[in-house]
Each structure stands twice: as structure tokens, then as C-alpha cells.
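The values are calculated or read from the model by the stated rules, or taken from the named source; none is laboratory data. Owing to the predicted nature of the structure, the values given are computational and were not obtained by experimental measurement. Here the Cβ positions follow ideal geometry from the backbone for every residue, glycine too, while neighbour counts run over all protein chains shown. Side chains are part of the model used for accessible areas, which takes the heavy atoms of the whole protein and leaves out ligands, DNA and RNA. Shrake-Rupley method; radii C 1.70, N 1.55, O 1.52, S 1.80 Å.
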Amino acid sequence: MPELPEVEVVRRRLLTCLPGLVVRDVRVHDATVCDLPEDELRRTIAGRRVLGLRRRGKYLMIDLGEPVAAGRLLVVHLRMTGQLLFRPEPRGRPARFVITFDPSTELHFYDMRRFGRLWSLDPRDEEAFFAALGPEPFSAAFDVAYLRRALAERRAPLKAFLLDQRRIAGVGNIYADEALFRARLNPLRAAGTVGPREAQRLHAALLETLQAGIDHEGSSIESFIDPAGRRGSFQEILNVYQRTGEPCRVCGTAIERVVVGGRGTHYCPRCQPRRGGIAPTARRARPTGPAGKRDARGAPPATRGAECG
Ligand SMILES: [Zn+2]
């Protein structure tokens, strides 16, 4: 599922093509994708020029400008399986929406599980829209002092804490497991039991893990590809995520899997020992074996000529 690094990779790829282009049209093939009906959505964005692309947590933001009134903000959330693609391969079901730009660029939104969403916002509503989101990991607001305050007195397991978008924006299942391994912290630890030095390790591990995800163009474990159709490679250097039963790359101990807050959670029992308080809500789960749901790692990267549509 796309997390902060994958959405950032999408943003950077779109940044090479979209700014300066004018929205010509939008076609919605699945009305549940957007809070506005197709004709109203078209009325809010057609004729506007792309000014830039931003990201907030796992949300992608497309800033649209003149000529109509005070601009518009398109927000896309990829959720589980959303893909924004310039030139998709032909598929069985149509894209959930397609935005066409002048001159001759198309952006198709495919989404197997259909949890992805599109919003067209008045830019004045941006702050309210994102009000519940915690700080951006790479912003000055997310420092060790903030993390210590956020952890303090929380009884939730560390894994659940990291997935809570109100505490930190953009972290999901893959990068939470990998960051906890890097920080040598057990995912079942109650967040409030993390000490000052451990919080410092966790802060550094989060930033390093997310940056590594961006540097590797994201994790293509299930369906993630960037708008040019390219797969990321972070899945090739995973330490624990979906490696149940495989040897830890540091100590050789078999990686274990538990379920925390309904999410499969992977850790090394030796590198991430269970000291401190174990949160009461966590429970052990049956290991799924090393095969798991993982995609074939050897699949060749999708090749494509033009970057833009
Ligand atoms: Zn280990």
C-alpha cells in the first residue's frame, strides 16, 4: 500500500511533466471516487493551469491556478492500490478517473480495490481538510521533543502508534515495521514506555527508513508503480516486512509475525527484545510462512518510452 515514500515518488515523477499544463477535461468512470459529480468536478478544474505538486502525509496535492477565481486544489489519496499513470497498459476495467491536459497528456487513475479518493477543494479549505493529520516527518515540527511528547503515557503498542496518522503523517505498515527494526524496538511495546534515548533512536530510524524508501523509488510489493510505469526497489532491501520465518539479516534469528491493531507486524525477536511494557491489545498470530502475499521479487521492471503522456 502506498505510504509517504511512494506518494513522494509519484509527486516527483508528476513534477517532471505536469506543471504549466492546462486541464482540458476530466472523465469520471466510477462516481464513488470523488465527492463531486463529474460535471461539477469538471467545472471546478477545467481550464486551470497546474502550478505545482505537493504532498501531505499520504495525500498528493495538485495546485491549480487561474484563470478562474482564486485557484483550486486537487487532492488524491491512493489508499490500498491506487495508481496514477500517464500511459496505462490496456486493462479489463476502465480507469476510475482520467484527467486530460493540454497539450496531449493524460493521467489515468487505476485502483483495483477502489478505496482511493479524489477531492476538488477551495484552497481556503486546505487547513481544515488536513487538520487531523500529525506533523510531516521531514518537517521541523517533527523533532525528537515532539516525538517524546506524542509517545508519553500512550498505552497503544508502538506499531499502532506509528500507524496513527494523527501522531505522524505518512507512515504505514511497511515503513513502521522497518523503522522499528532499525530502532531495535519491539512493535508490541507500549508507546509510553519508550525512554529518551530510545525515542531518539526511533526518530532517526523513521527518517532514515522513509528516506531510504524514497531513494529506492518506493516499495513495489503489491501493486505500486510510478506514473511512468516503473517499479520501486525498496522491497529488495526489507529487513523484516513480510519476511516471516526468514533469517534476520543482523543476527540470523527467524523473523516473527504478530497482529497489532489488525495489521500484520514483522520483527526480529532477538534484535527487538520484549523489554518494557507490552501493550495489552496485541496478540500473537500464526506465521504465514516466508512466501506470504509477497509479489515475485524477480519480476522485471516495466519498461516504457516516454515519461509523460
Ligand atoms: Zn535479529
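Results, tabulated for the structure shown:
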{"read-out": "Candidates Asp35, Asp30, filtered to the one that is more than 22 Å from Ala169 (Cα to Cα), modelled with pLDDT under 95 and either open to solvent by 10 Å² or more (accessible area, probe 1.4 Å) or in the same structural domain as Val171 (by TED's automatic domain parsing) (or both)", "value": "Asp35"}
{"read-out": "Residue match in the range 219-238 (condition: out of contact with any Ser or Thr (no Cβ under 6 Å at 6 or more places or on another chain), modelled with pLDDT of 95 or more and within 16 Å of the ligand (Cβ to nearest atom))", "value": "yes"}
{"read-out": "Cross-chain or 6+ apart pairs with Cβ under 6 Å, the range 254-274 first and in contact (Cβ under 8 Å) with a residue 12 or more places away in the chain, then part of a strand (DSSP E or B) and within 13 Å of the ligand (Cβ to nearest atom)", "value": "Ile255/His266; Arg257/His266; Pro269/Glu256"}
{"read-out": "Hits in the range 16-27 - residues which are buried (at least 21 other Cβ atoms within 10 Å of the Cβ) and not in a loop (DSSP other than H, G, I, E, B)", "value": "Val23, Val26"}
{"read-out": "Top-ranked residue in the range 241-264 [being of a type in the set (S, T, N, Q) and within 15 Å of the ligand (Cβ to nearest atom); ranked as farthest from Pro157 (Cα to Cα)]", "value": "Thr253"}
{"read-out": "Criterion (open to solvent by 30 Å² or more (accessible area, probe 1.4 Å), modelled with pLDDT of 95 or more and not aliphatic (A, V, I, L, M)) met by exactly one of Arg13, Arg87, Arg96", "value": "Arg13"}
